[in-house]
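Heads up, the thing below is written out as structure tokens.
The values are calculated or read from the model by the stated rules, or taken from the named source; none is laboratory data. None of these values were measured; they are calculated from a predicted model. No Cβ is skipped: glycine too gets one built from the backbone with ideal geometry, and neighbour counts run over all protein chains shown. These accessible areas exclude ligands, DNA and RNA; they are computed on the full protein's heavy atoms, side chains included. Shrake-Rupley method; radii C 1.70, N 1.55, O 1.52, S 1.80 Å.
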Amino acid sequence: MILEVLTYPDKKLYQRSREIVKFDKNLHELLDDMYETMIAKEGIGLAAIQVGAPVRALIINLANEEGAQDKADLIEVINPEFLLKEGECVYQEGCLSVPGFYEEVKRAARVKLKFQDRFGEPREIDADGLLAIALQHENDHLDGHLFIERIGYNKRKKFDKEYKSKKSKKDKKDKTRSP
Ligand code: Y12
Ligand code: CO
């Protein structure tokens, strides 16, 4: 099922998600719905809180060398904990919860992560490049943070201005539509 994606400034996006203790049918349904939603909205990563579920689960499906998003490459991450973050990189990020805004964010270049899979089995992953960035971006959602909190003061001002302008245009349009 395709779910609604919460968008800024929805307060739920700012809450810390809780640890998952039951690796049951409900969790599997949530992960399957998150995948369907992420693909339908053309995303490459999604955290459970973005579809309103405040639990520590995230998924990532990067494109392969042929540019295709193959489900065989889907990574499901439950209860992640970073064991190592090193180096520095800057990448222009976007987020399904902040539609239409993209900005450079500085993050660790390489990470090591321990987590559980959908059956509760312990796993570890070493990542660099886009995967390292995606893991950090999605893990931030589990802690109630959006990438717009990690951009500099001037870029944040630019975002606030763009958001206000879009909102006032939408409000005007909605006003002319209502009876
Ligand atoms: C690098 C940087 C950020 C991430 C986190 C995952 N981010 C996304 O999956 C963003 C998806 C996204 C998709 C959009 O829709 C289309 O492109 C059709 C989009 O555009 C609008 O909302 C207008 C914005 C973001 C991982 C790795
Ligand atoms: Co995001």
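Does N79 qualify as being in a strand (DSSP E or B) and either in contact with a strand residue (DSSP E or B) (Cβ under 6 Å, 6 or more places away or on another chain) or free of Cβ contacts under 8 Å to residues at least 24 places away in the same chain (or both)? Working first, answer last.
Numbers: in a strand (DSSP E or B): yes; either in contact with a strand residue (DSSP E or B) (Cβ under 6 Å, 6 or more places away or on another chain) or free of Cβ contacts under 8 Å to residues at least 24 places away in the same chain (or both): yes.
Here the answer is yes, as N79 does meet what is asked.
Could you go through region 19-26 and let me know if any residue there is touching a helix residue (DSSP H, G or I) at 6+ places or on another chain (Cβ under 7 Å), open to solvent by 10 Å² or more (accessible area, probe 1.4 Å) and within 16 Å of ligand 2 (Cβ to nearest atom). Looking through region 19-26, none of the residues is touching a helix residue (DSSP H, G or I) at 6+ places or on another chain (Cβ under 7 Å), open to solvent by 10 Å² or more (accessible area, probe 1.4 Å) and within 16 Å of ligand 2 (Cβ to nearest atom). Could you tell me which residue of region 126-160 is nearest to ligand 1 (Cβ to nearest atom), considering only residues that are surrounded by fewer than 16 Cβ atoms within 10 Å (Cβ to Cβ) and assigned to a strand (DSSP E or B)? Top of the filtered list is D128.
Scan region 24-42 and tell me whether some residue there is among the aliphatic types (A, V, I, L, M) and under 25 Å from R156 (Cα atoms).
So far as region 24-42 goes, no, none of its residues is among the aliphatic types (A, V, I, L, M) and under 25 Å from R156 (Cα atoms).
Identify, please: which residue in region 105-121 is part of a strand (DSSP E or B), more than 15 Å from ligand 2 (Cβ to nearest atom) and not aliphatic (A, V, I, L, M) and is, among those, farthest from I49 (Cα to Cα)? Ranking the candidates gives R110 first. Of all residues in region 67-99, exactly one satisfies the criterion of being closer than 14 Å to L131 by Cβ, within 15 Å of ligand 2 (Cβ to nearest atom) and open to solvent by 50 Å² or more (accessible area, probe 1.4 Å), namely Y91. Take region 100-118 and flag every residue that is in contact with a Lys or Arg (Cβ under 7 Å, 6 or more places away or on another chain) and open to solvent by less than 40 Å² (accessible area, probe 1.4 Å). Within region 100-118, E103, V105, A108, V111, F115, D117 meet the criteria. Of all residues in region 90-104, those satisfying the criterion of being within 7 Å of ligand 1 (Cβ to nearest atom) and outside any loop (DSSP other than H, G, I, E, B) are Y91, E93.
Let's see how each residue does on (1) within 13 Å of ligand 2 (Cβ to nearest atom); (2) closer than 19 Å to E19 by Cα:
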| position | (1), (2) |
| --- | --- |
| L130 | no, no |
| H137 | yes, yes |
| F147 | yes, no |
| K157 | no, no |
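Residue count for region 36-66, restricted to those that are under 22 Å from V105 (Cβ atoms) and either within 13 Å of ligand 2 (Cβ to nearest atom) or surrounded by fewer than 17 Cβ atoms within 10 Å (Cβ to Cβ) (or both): 16.
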